[in-house]
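Worksheet for the structure shown next.
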Amino acid sequence: MQHQKQLFDLSDEAVYLNCAYMSPQLKSVSEVGVQSVLRKGKPHAILPEHFFDQRQLLKQRFAELIDAADYEYTAIIPSVSYGIANAAKNTPLQKGDEILLVEEQFPSNYYVWQEVAQQNGATIKLISPPSGFEKRGQRWNEAILDAITKKTAVIAMAHVHWADGTKFDLKAIREKTKIVNALLVIDGTQSIGALPFSVKEIQPDALVCGGYKWLLGPYSIGMAYYGEAYHQGEPIEHNWMNRYNSEDFNNLTQYEDRYQPKAARFSVGESSNFVLTPMLIRAIEQLIEWQPTTIQQYCQQITKDAVQNLKELGCFIEEEAYRGHHLLGVYLPDHIAIDPLKATLKEHHIVVSYRGNAIRISPHMYNTIEDLNLLTTQFTKHSKIHS
C-alpha cells in the first residue's frame, strides 16, 4: 500500500512521526465534525432516537475493530482514566491480594489501582524491565508471567508500553491469569487501531482505549470493552441513558433500578455526543477499511531501513518479536548526545517524543520512507563514530 497522507489534515512543514502523542486528523473526520457542530443550530431536527442511533453504531464499529462478538460488551468513555476507574471499582479485592502493574506504565492505569489497593488492603506489585538490553523484551515478558501467582487478583497493563513500544504477550498472560483466577485489564490506547487485537483470542476482562491516538478520533472520547466479570458492576456515575428503557422519553421519571444490558452501564453521560461520537465512528470506519494488519505491514516497510541504520549507529531498538512496527523506542549509545540531537530534530521540524530514556518514534499511514531517512540522517550527524 502507498502512503495515505492525502487523507489527513497534516502540514507539509513538519515530518510528523508522533502518532503515539496525538494523531493528525483525517479530512473525512474533520468534515463530519464540522457538519455535526452545525447540526446543533437546528435542535428541532434532533429527535429522541438520535440520542441512541449513532451511539449504537459507534459501539458496533468498535466491536468489529477489536473482533468482539457482541457490541453490547462495549461502552463509550471520555478518557482512559474513566474506563479504568469503572474496572477498578468493580474488581473484587481482599486484604493481601496483589495488583500487578508494569513499571512506568501510563499514570491513568496506575493511580486508581493505588487507591483501591489502599482501600482494600491490597498491594501494588510493579514488574520492572530487566537491566541491560540483551533479550530485554523476552525477559520482561518472562518476569510478568513469573509474577502472576495465587495472590494475584488483577493485572492491569498495556499491550505495548507507551514509552518505548515493548510488546507484551497478552495471550500467554491471559492463560496464566486464568489458572490463578485473576482478572486482566488492558490499556489499549497505544495499540488498538494500529496493532491487530482480537477479543475472541485474548479474552480480556476489560479493554480501555483513548480515542485521539491510534483510533484517529477526536480528543475527549474513547471506547472500552467489559467482559462478563464486570456486567453486574456499579458504574462510577449514574446517568439516565444507562438505565433500562431510557429510550422512552415520556417515562424517564419512572426511575429504574435496572441498567441497560451488559456493559452499557459503563458508558459516560451524554455519550450520544452529537459532535465527537460521529467523528469517532468515521475514524474507526477508516481503520476497518485499512485493517491494523495492513497498518503494521506498512509501518514495517517504511521503518525497516531506519531501524537497521539506527542499530548500526549503536542505538538499541527492541527486536521485532517484542515490539510493534508503529511505535519504536530508540535508546541512544554513549557517543550520541541527546540534547544536541533534540535541537537538530526541532530545527528540521522532525516531530518525535521523548519518554524516559527513549526517543519514541511512532509512524502511520501518512509517513514515508523519506520521512524516516530524514530522521536517521540527523542521528548520523550526531554520531561521533560517523562524524
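Shape analysis of the range 29-114 yields a ratio of the Cα radius of gyration to the Kirkwood radius, Rg/Rh, of 1.11. Packing, as the average of other Cβ atoms within 10 Å across residues, places the peptides 116-127, 308-319 in the order 308-319, 116-127, highest first.
Within the listed set A85, A337, A158, the Gaussian network model of the chain (springs between alpha-carbon atoms below 10 Å) gives the highest mean-square fluctuation for A337. The orientation-averaged projected area of the convex hull spanned by the Cα atoms of the range 295-387 comes to 5.6 nm².
The aspartates and glutamates within cross-link reach of K135, meaning a Cα-to-Cα straight distance under 13 Å and a gap of 8 or more places when in the same chain, are E318, E319, E320. If you take all C-alpha pairs in the chain, what percent of them are over 41 Å apart? I get 16 percent for the Cα pairs in the chain exceeding 41 Å. Sorting 229-238, 33-42 by their mean Cβ neighbour count within 10 Å, with the most densely packed peptide first, gives 229-238, 33-42.
Whole-Hz Karplus values for the range 189-206 come out as 4, 9, 9, 5, x, 10, 10, x, 8, 10, 4, 4, 7, 7, 6, x, 7, 8 Hz, taken residue by residue from phi with 6.51 cos²θ - 1.76 cosθ + 1.60 and θ = phi - 60°; glycine and proline positions read x. For a 21 Å ceiling on Cα separation, which of these pairs sit above it: K151/K200; K89/K125; K125/K262? Checking Cα-Cα distances, K151/K200; K125/K262 exceed 21 Å.
Report the percentage of all Cα-Cα pairs in the range 1-159 whose separation exceeds 21 Å, rounded to a whole percent. The proportion of pairs with Cα distances above 21 Å equals 67 percent.
A short reminder: the numbers here are calculations on the coordinates, not readings from a lab. Quick caveat: nothing in here was measured; it's all calculated off a predicted structure. Glycine also receives a Cβ, built like all others from the backbone with ideal geometry; neighbour counts cover every protein chain displayed.
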